[in-house]
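These notes are about the structure you will find just below.
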Amino acid sequence: MITATKMLARDWRGGELGILIMALVLAVGVVSGISAFTARLQSALEQESHRFLGADLVVRWSRALPGQWLDAAAQRQLNRAQVLTFPTMVIADAGGMSLASVKAVSTGYPLRGELTYSQEPFGEALTAQSGPAVGEVWLDSRLFPLLDVSIGDAVTIGEARFTVTAAARTEPDQASSFMGYGPRLLMNFADIAATGVVQPGSRVEYRQLYAGDATALTAFNSWLQPQLIEGQSILTIDEGQPGIGEALSRAESFLLLAGSLAVVLAGVAVALAARRFSERHTDYVAIMKSLGATSAAISRLYGGSLLLLGLIATAGGCFLGWLIQAAFFAVFADQLPVQPGPAGLRPYAVGAVTSLVCLLCFAWPPLRRLSRCSPLRVLRRDTPEETTRTLIDTLIGFAAVTLLMLWYSQDAVLTLAVLSGLLLTGALGMVIAVALLRTGRAVGMSAGSIWRLALAGLQRRGTANALQVVIFGMAIMLLLMLVLVRTSLISQWQMQLPVDAPNHFMINIAPEDAAAVEQTLRDNALPSEPLFPMIRGRVMSINGVALPTTDDPAQDRRQREWNFTWSDELPTENTVSAGQWWEAGSAAAEVSLEEEYAQRLGVDVGDQLGLLIGSEPLEVTVTSIRQLQWQSLRPNFYLIFPPKVLEPYPATFMTSFHLDKSNKVFLNELIRSFPTLTVIEMDIVIEQIRSIVSQVSAAVELVLVVILAAGALVLVAGVRASVDSRMYESAILRALGAPRRLILGSLLIEFATLGLFAGLLATMAAELSVFVLQTQAMEMAYVPTPWVWPLGIAAGMLIIGGLGVFSCREVVSAPPVEVLREL
Amino acid sequence: MAGTELEILKGITLEIKSGESVAIVGASGSGKSTLLGLLAGLDEASAGSVVIHDTNITDLDEDGRALFRSQHIGFVFQSFQLLPALTALENVMLPLELAGKAGAEAAASDYLERVGLGQRLHHYPKQMSGGEQQRVAIARAFAAQPDILFADEPTGNLDTTTGRTIVDLLFELNRQAGTTLVLVTHDLSLAQRCQRCVQLESGALLSEASAG
């Protein structure tokens, strides 16, 4: 009996399998390639994000953490470090003194990211191998003028004396560890005992840092979790730096979207190729049947071939996928400041499953119909082929796409948005195709011969064209969606961080200095925010019920101190989401709360808050809830009051301003003139966010290239499906004396017209999908994009016109005699 | 015309004896191919029956007829109907493999030898002339040792000289094997080489003449 292996081998030699296997290999390749690429990029970004923690895993507590945790980590071959932060007084020999935020670090710190220092205050930042040695300290550049010391001088902390050996510049985890607001002083962890300043009850934060092999780390994490007691917490990147966590999760949404789009494209390409394969095999099956093959034998034969094909394509596809991701990383290595992480086996498993699903749901339905083909075709070629797509086949394909996309994105809203866009394109495509059929005839009759030929071509392959408009439309739609989403992602990020965004905070401005500080900023032409008053106060009770008293930082519903401010106007980038902002000059005892804070407290408009400012109690009513942009790097407050309510209390002021890197020395002068104020350098954190954004943009561009290739594959597969009948028509036309120019021209018009309709459809569908995506999945504001309309339509005409004519160029190059003899 | 039933063959009664050679002649559109399709079990009749070797093949379903064809029936077609992806040898082996017969390769190369293509076993149909392709088709038809051979305009796509050689080969092999031959043609000189000749006109059997 003829076997599947034999048939495959014969078909392969005969060149019949090329298209199907290529489509499958490309499908698996694109899917596993994107999957591996995004997996590696994600693990790289994750590693990058660990830089912000200075480690892979961080535990913190307000008391000394158990030493046996470090031993347990050591047993698992993990790297370890300890950090202790606390505020204390630093005194210089010459008499200068200042409050400093001390950070004591053990050898090995930081485990991830870089610690930098400079050899003079505000000097060139250099990378340090480790923190200060025993007996040495590094001072924040601002401390040098405050204490009036230079490198080599001695300072005293508690009972110990230290030599200043460098200026501390940046720590990888400084964004996640603001503790007090004094300028930084770095010392060695081993020196703490000698200072004697850390006593039971001191306001301190201990951290244990771990890093190393991912598997060992996961095991360690699950060993550690159950041992944590109240107050001890594991830091994640989201807590460390909310802006970066959000940027990463948006990037992840985008990459997953791109991955699922590749699945749709791959499925369509496989279905088209299988359909063509089945059409070309109809005659062979008729011959085999006339020679006595049963339907079951045909099914077995083609089923077996398909399975074998699947195995070969999966192996080839996985290899191609590996090549694709390797090539991307090779080509774009310079643009990626991070080392790509490992991809693991999952992307290839994903490729294999995708291959199986594609075979079962896209390739098998048309091949299954082969077994039903009539043997009478050997006598009469006009016997109707059973190639009409049944409703069931379409449903199977659609269900497969839905499940694959759900599996990829693990996100129902994302899947729904993309699928509804695809459905709309499909439905509109069919409507337009019908309209095309009805009007094409009339238009064609009155046009010149080249147009008549082209429009007749469109009309003749009515159903095929309807399908192609839909497929082309989908491919362009996917491209447009990527362009739109990518553009809005990047522009939103950039909007969040404009070039002159505030990059320094100034706090503790004394009321009598406020005017002078503002004047200094103006004199130096530094763009700044208005001065906000800051009053320390405690939130004690809600509606007369006292909040719990605890020092657990993870517990938000507790009596604790906050910075209050006052304002008559709603601050920039704040929007009221519930209640109403007060009228200017209001003296009512009311307060406006930040939305998430209100949620955590469980407070709504109309509730009463009991406060304590200094030693004076104050009862206020919540009259509004505000949403605000935490990433804006402007002064933001949880609690804002009408000025008349807070004015009686003593306040200091704060602001934020933009200072260029080249202008840093200004800080020396500023601190000398106003010794009480504290400057927080946020520019370092901003630089870190920018670096993440630039990496993500590079990733997005890479994925765009992959999708573009997959889209082109679908276009070519679609055109190839009509090449046989086009060859025949062209041969007849040329035999009748039509010049090649005429046939090429009519092909161009035909495909460009298809492209026009496809582009129009795609633009509408893309706009809709992006609307749903932005508003529902990515939590962004929808912005209409009129420029995408001409772009989509022009892209449709150019890409489809060009690729269409290119893919069937053999229609005019093969000698007519040869074509006619073959048929 | 849509909605109107078209009667292609009308009241045909035809008996063919084992080992006999019969030509079915008639103009284009007279129903020759339809009749052949029904006789060979490639098509289903809306009324009437076809009985071969005491088996009423009109009672069989598509797969039953396929099995029956693999055991009893061979074909030679006007357009050769070789599988382009298979070599000459593989094309001839195909019906033997489908019928599950042992020694397919030896039998196939033997028959290709007998039609004069012993040197071209591994050539593809594309690399052969029309006459050579039809020889492969004839070798394929006889290799399965069918009881009945149906030939549909076997010379229709060939020039006169080649056509004559092919017909000689067809009748010679048929004589050696003692196969029943049913030949559809509009070529009267070809029809005359059969023992009987039946003429179809507008789907009806006109006359029956015994030939030499």
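Considering the conditions (1) more than 11 Å from chain A (Cβ to nearest Cβ); (2) in a loop (DSSP other than H, G, I, E, B); (3) at pLDDT below 90; (4) more than 15 Å from the chain's Cα centre (by Cα), residue B:119 is excluded by exactly one of them, (3). Taken together, A:39, A:92 contain a single residue that is under 30 Å from residue A:136 (Cβ atoms) and modelled with pLDDT of 75 or more, which is A:92. Can you pull out the residues in the range B:51-95 that are part of a loop (DSSP other than H, G, I, E, B) and more than 29 Å from residue B:190 (Cβ to Cβ)? Of everything in the range B:51-95, those that are part of a loop (DSSP other than H, G, I, E, B) and more than 29 Å from residue B:190 (Cβ to Cβ) turn out to be B:54, B:60, B:61, B:85, B:87. Of all the numbered requirements in (1) aromatic (Phe, Trp, Tyr); (2) touching a helix residue (DSSP H, G or I) at 6+ places or on another chain (Cβ under 7 Å); (3) modelled with pLDDT under 90, residue B:124 misses one, and that requirement is (2). Of all residues in the range A:716-726, at least one satisfies being within 35 Å of the chain's Cα centre (by Cα), in a helix (DSSP H, G or I), under 20 Å from residue A:266 (Cα atoms) and of a type outside the set (Gly, Ala, Ser).
Among the residues of the range A:234-254, are any more than 14 Å from every other protein chain (Cβ to nearest Cβ), at pLDDT 65 or above and either touching a Phe, Trp or Tyr at 6+ places or on another chain (Cβ under 9 Å) or farther than 30 Å from residue A:54 by Cα (or both)? Within the range A:234-254, none of the residues are more than 14 Å from every other protein chain (Cβ to nearest Cβ), at pLDDT 65 or above and either touching a Phe, Trp or Tyr at 6+ places or on another chain (Cβ under 9 Å) or farther than 30 Å from residue A:54 by Cα (or both). From the list A:515, A:510, A:546, the lone residue that is touching a Ser or Thr at 6+ places or on another chain (Cβ under 7 Å) and modelled with pLDDT of 80 or more is A:510. Among the residues of the range A:555-595, those that are of a type in the set (Gly, Ala, Ser) and under 37 Å from the mean Cα position of the chain (by Cα) comprise A:567, A:577, A:578, A:579, A:592.
Summed over the range A:636-656, residues that are out of contact with any helix residue (DSSP H, G or I) (no Cβ under 6 Å at 6 or more places or on another chain) and either without any contact (Cβ under 8 Å) to a residue 40 or more places away in the chain or within 16 Å of residue A:521 (Cβ to Cβ) (or both) total 4.
Looking across the range B:61-83, just one residue is closer than 21 Å to residue B:133 by Cβ and in contact with a Gly (Cβ under 6 Å, 6 or more places away or on another chain), and that is B:78.
Out of everything in the range B:42-72 that is touching a helix residue (DSSP H, G or I) at 6+ places or on another chain (Cβ under 9 Å) and of a type in the set (A, V, I, L, M), what residue ends up being farthest from the other protein chains (Cβ to nearest Cβ)? Applying the filter and picking the extreme gives B:51.
The values are calculated or read from the model by the stated rules, or taken from the named source; none is laboratory data. Worth saying up front: this structure is predicted, and the values here are computed from it rather than measured. Neighbour counts run over all protein chains shown; Cβ positions are idealised from the backbone, glycine included.
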